[in-house]
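*Asks:* Following this message is one structure expressed as structure tokens.
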Amino acid sequence: MGALYSKLHRALVVLKANNIGISFPKYQLKPKCLGSVLRVHGDQASLARLQETDWLKGMRDHTNVTDITVVPKDAQHLKVTRRQYKTSADRLRRRRMKRKSETYEQAAQAIPNSIERQTKLPFLTLRSSSTGQTFFLFVDQGEPQAQSAAGEFSRYGLSHSATVPWF
């Protein structure tokens, strides 16, 4: 799923798309798992443009792509957002040491172990194309609601304001 999602992200960057969202129909918190299905949401023209980029190159043997379908009239909607956590006190200390030219002891005094937070959200492991760093992208899929909300999506297909259909 991480490789597939990385390819989608790169295609959204190339297209400069802010009108394509994603969801994970098999998402679950216990056990935390995004599932094996990635659903891409958008209008017909945007999805057709995405498919023209051949973003699935190298993944076709591992995926089952369906035709674009119409959203059912009674579909609910939900927000799919990125959540960021301070999950590693040691990483934060190393960063502080670099930025402030401190020793490990000084950084440890400023950043206690208690700052670490454990998350119950599923995540993807991705590599930043700009920095080369590996990072966790924690995905929070909200509760279904009756009303849709308009807004823009990030180049990851996520949004804190816009909803995607849930069906």
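The values are calculated or read from the model by the stated rules, or taken from the named source; none is laboratory data. Model, not experiment: these values are computed from the prediction. With ideal geometry, Cβ positions are generated from the backbone for all residues, glycine too; neighbour counts draw on all protein chains shown.
*Asks:* Taking the options A17, A75, A11, name whichever one is more than 22 Å from F123 (Cα to Cα) and touching a Phe, Trp or Tyr at 6+ places or on another chain (Cβ under 6 Å).
*Replies:* Numbers: A17 fails: touching a Phe, Trp or Tyr at 6+ places or on another chain (Cβ under 6 Å); A11 fails: more than 22 Å from F123 (Cα to Cα).
It is A75.
*Asks:* Hey, any hits in the range 80-93 for a residue that's within 25 Å of A48 (Cα to Cα) and in a loop (DSSP other than H, G, I, E, B)? Working first, answer last.
*Replies:* Of the range 80-93, the ones within 25 Å of A48 (Cα to Cα) are 80-81.
Those left that are additionally in a loop (DSSP other than H, G, I, E, B): none.
No, the range 80-93 has no match at all.
*Asks:* Out of the residues in the range 94-127 that are in a loop (DSSP other than H, G, I, E, B) and either touching a Phe, Trp or Tyr at 6+ places or on another chain (Cβ under 9 Å) or in contact (Cβ under 8 Å) with a residue 60 or more places away in the chain (or both), which is surrounded by the fewest Cβ atoms within 10 Å (Cβ to Cβ)? Before the answer, list the steps.
*Replies:* Taking the range 94-127 first, the residues in a loop (DSSP other than H, G, I, E, B) are 101-103, 111-112, 116-122.
Now narrow it down to the ones that are either touching a Phe, Trp or Tyr at 6+ places or on another chain (Cβ under 9 Å) or in contact (Cβ under 8 Å) with a residue 60 or more places away in the chain (or both): 116-122.
Details: E116: 15, R117: 10, Q118: 6, T119: 14, K120: 9, L121: 18, P122: 20.
Among those residues, the one meeting the criterion is Q118.
*Asks:* Can you name the residue in the range 143-167 that is within 13 Å of N19 (Cα to Cα) and more than 17 Å from the chain's Cα centre (by Cα) and is also surrounded by the fewest Cβ atoms within 10 Å (Cβ to Cβ) among such residues?
*Replies:* A150
*Asks:* Also, quick follow-up: Can you pull out every residue in the range 129-140 that is in a loop (DSSP other than H, G, I, E, B) and either touching a residue at least 24 places away in the same chain (Cβ under 8 Å) or surrounded by 15 or more Cβ atoms within 10 Å (Cβ to Cβ) (or both)?
*Replies:* Correct list: S129 only.
*Asks:* Which pairs do you get when a residue that is closer than 20 Å to I68 by Cα and at pLDDT 95 or above, found in the range 141-167, comes within reach of a residue that is of a type in the set (K, R) and part of a loop (DSSP other than H, G, I, E, B), reach meaning Cβ atoms under 7 angstrom, with the pair 6+ apart or on two chains?
*Replies:* These pairs meet every condition: T163/K79.
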